[in-house]
Amino acid sequence: MPFTPDSELDLLFPASLISQDLKSQLHPDVHIRPLASTDHARGHLTVLSVLTVATDLGEAAWTAQFNAMRAAPQTYYSLVIVDKHSDRIVGAGTVFIERKFLRGLGSVGHIEDIAVDKQQQGKKLGIRIIQALTHISENIGCYKTILNCSRDNVPFYVKCGFEEKECEMAKYA
Ligand code: ACO
C-alpha cells in the first residue's frame, strides 16, 4: 500500500501536538502521527498484540471505539508510527488525560499500551513514542506523567527518563 499523508486522514487529535523536533529524530523510513480512523486496516491491532490479547472484533467495532474516544475531547491521545514503504503500523502508544479536583484542578497523563512490532524493536521507536506522549502530556499542562509496566521493562522506562515510584495494585474482574 502506498504511504498515506496526514492530510488525507481523519486523525484522533491535531498532528501539530507531536513535537517537530522529535519527528526530525526519527528514521526517514518511518512517520509518527495521531491514530487515524482507517488504522484498523493498517495493522493497529496486530502491533498491539505484542503487548497482550488484542482481539479483533472487526473494523466497524474498531471504528466505533475510535469515534467514542474522539467524542471525549482532550482526553485520548493515541499515536502510531507508520512504515512509509508499506503504510503499515509498526509502533503505537497512548496518553490518557485524567482531570483532577486536587492540585488546583490539575491533570495527570497516564501512558498506556506501548507496543513496537517485534521486527522493529531495538531501533529507538519505543523511546520516540514515549517522548512524543510525554511532550503532549506536558504541553497540555499535566503536572506528572505516569505508567505501569513489568519489571522487565523498568530499564527501558528509566532510559526514557522515568523513575520508580510506589507500587501498582490490580484487581481483575
Ligand atoms: N530492558 C532493558 N533495556 C531496554 C529494554 C528492556 N526490556 N527495552 C529497550 N531497552 C533499551 C534499549 O536497549 C535502548 O537503549 P540505548 O538507548 O542505550 O540503545 C533504549 O531502551 C530505547 O529502546 P528502544 O529501541 O526505543 O525500544 P523499542 O523500540 O524496542 O521499544 C518496548 C521498547 C516498547 C518495550 C518494545 O520492546 C515492546 O513493544 N515490547 C513488547 C510490548 C511491551 O512490553 N510494551 C510495554 C508495556 S508497558 C506500557 O504499555 C505502559
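Worth a mention:
- Identity of the residue in the range 37-53, in contact (Cβ under 8 Å) with a residue 40 or more places away in the chain and not in a loop (DSSP other than H, G, I, E, B), that ends up surrounded by the fewest Cβ atoms within 10 Å (Cβ to Cβ): Thr46
- Close Cβ contacts (under 9 Å, 6 or more residues apart or on different chains) running from residues in the range 5-32 that are among the aromatic types (Phe, Trp, Tyr) to residues that are buried (at least 16 other Cβ atoms within 10 Å of the Cβ) and not in a loop (DSSP other than H, G, I, E, B) comprise Phe13/Pro34; Phe13/Arg70; Phe13/Tyr76; Phe13/Tyr77; Phe13/Ser78; Phe13/Leu79; Phe13/Ile136.
- Some residue of the range 102-110 being touching a residue at least 40 places away in the same chain (Cβ under 8 Å) and either touching a Phe, Trp or Tyr at 6+ places or on another chain (Cβ under 8 Å) or closer than 24 Å to Thr4 by Cβ (or both): yes
- Breaking point among (1) under 25 Å from Ile127 (Cβ atoms); (2) in contact with a Leu (Cβ under 7 Å, 6 or more places away or on another chain); (3) at pLDDT 95 or above, for Gly43: (2)
- Test: residue in the range 54-77 that is in a strand (DSSP E or B), of a type outside the set (A, V, I, L, M) and either surrounded by fewer than 18 Cβ atoms within 10 Å (Cβ to Cβ) or out of contact with any Ser or Thr (no Cβ under 8 Å at 6 or more places or on another chain) (or both): no
The values are calculated or read from the model by the stated rules, or taken from the named source; none is laboratory data. In this text the structure is predicted, and so the values were computed from the model without any measurement. Here the Cβ is made from the backbone with ideal geometry for all residues, glycine too, and neighbour counts use every protein chain on show.
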